[in-house]
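Below: the structure, in structure tokens.
The values are calculated or read from the model by the stated rules, or taken from the named source; none is laboratory data. Just so we're clear, the structure is a prediction, and the values are computed from it rather than from any experiment. A quick note on method: Cβ atoms are made from the backbone with ideal geometry, for glycine too, and the neighbour counts reach across all protein chains shown. For the accessible areas, the whole protein counts, side chains as well, though only heavy atoms, and no ligand, DNA or RNA atoms are used. Shrake-Rupley method; radii C 1.70, N 1.55, O 1.52, S 1.80 Å.
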Amino acid sequence: QVQLVESGGGVVQPGGSLRLSCGVSSSFIFRINAMGWYRTAPGKQRELVASISSGGNTNYVDSVKGRFTVSRDNAKSTVFLQMNGLRPEDTAVYSCHVEDSSSWGQGTQVTVSS
């Protein structure tokens with residue numbers, strides 16, 4: 001069973017920044033798979049925020065384009081989500097996922113509030 005562990009969430013004021021990290025226990029699984037960052041806001045369905053392929057190609061939901069950046073470090077089996085210009089509507093539990101698998105992290109809370 002592949003384990004994913006997220007970190008980096010917290011409370012930040014509007015306009016602030018956070019960097020989320022997600023470590024994956026299997027370097028092999030990490031290296032060959034795309035990774036996704038998802039978020040679940042209160043009362044809303046989970047949505048894909050950003051993804052990065054094994055080759056480094058990235059995709060973003062429109063609402064975060066230009067503000068969020070997803071990256072990966074294959075040597076450390078870790079995927080990152082740099083979030084700048086945070087807005088109250090970005091408040092959610094953020095989870096990482098090995099795409100096309102059943103492996104999910106436990107989630108980390110991001111709260112954007114003044």
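I need the Debye-formula profile for the chain: one equal scatterer per C-alpha, no solvent, reported as log10 I(q)/I(0) at q = 0.18 1/Å, two decimals. Values, matching the q order: -0.83. Per residue, the accessible area of the chain comes to 52 Å² when a 1.4 Å probe rolls over the protein heavy atoms.
Figure note: I29, I52 ranked by solvent-accessible area, largest first, 1.4 Å probe, ligands and nucleic acids not counted: I29, I52.
Quick check: at a probe of 1.4 Å, how many percent of the accessible area of the chain sits on carbon and sulfur atoms?
C and S atoms contribute 46 percent here.
Residues E89, E6, sorted by accessible area with the largest first, give E89, E6 [1.4 Å probe; ligands and nucleic acids excluded].
The Cβ shell under 11 Å around M83 holds other residues with a net charge of +3, Lys and Arg each +1, Asp and Glu each -1.
Between Q13, Q45, Q82, the residue with the greatest mean-square fluctuation in the GNM of the chain (Cα pairs under 10 Å linked by springs) is Q45. Using a Gaussian network model on the chain with a 10 Å cutoff between Cα atoms, which of V98, V12, V49 fluctuates the most? Looking only at V98, V12, V49, the largest GNM fluctuation is found for V12.
Put R87, R46, R39 in order of accessible area, largest first, 1.4 Å probe: what do you get? If you can, show how the numbers build up before the last one.
Numbers: R87 100, R46 140, R39 20 Å².
These residues rank, largest area first, as R46, R87, R39.
In this simple spin-label model, placing a label point 7 Å from the Cα along the Cα-to-Cβ direction at both A75 and S53 gives a separation of 2.4 nm.
Taking each residue as 0.36 nm, the span from R87 to Q109 lengthens on full extension beyond its C-alpha to C-alpha distance by 6.5 nm. A92 sits among other residues whose Cβ lies under 12 Å from its own Cβ, and their net charge, with Lys and Arg +1 and Asp and Glu -1, is +1.
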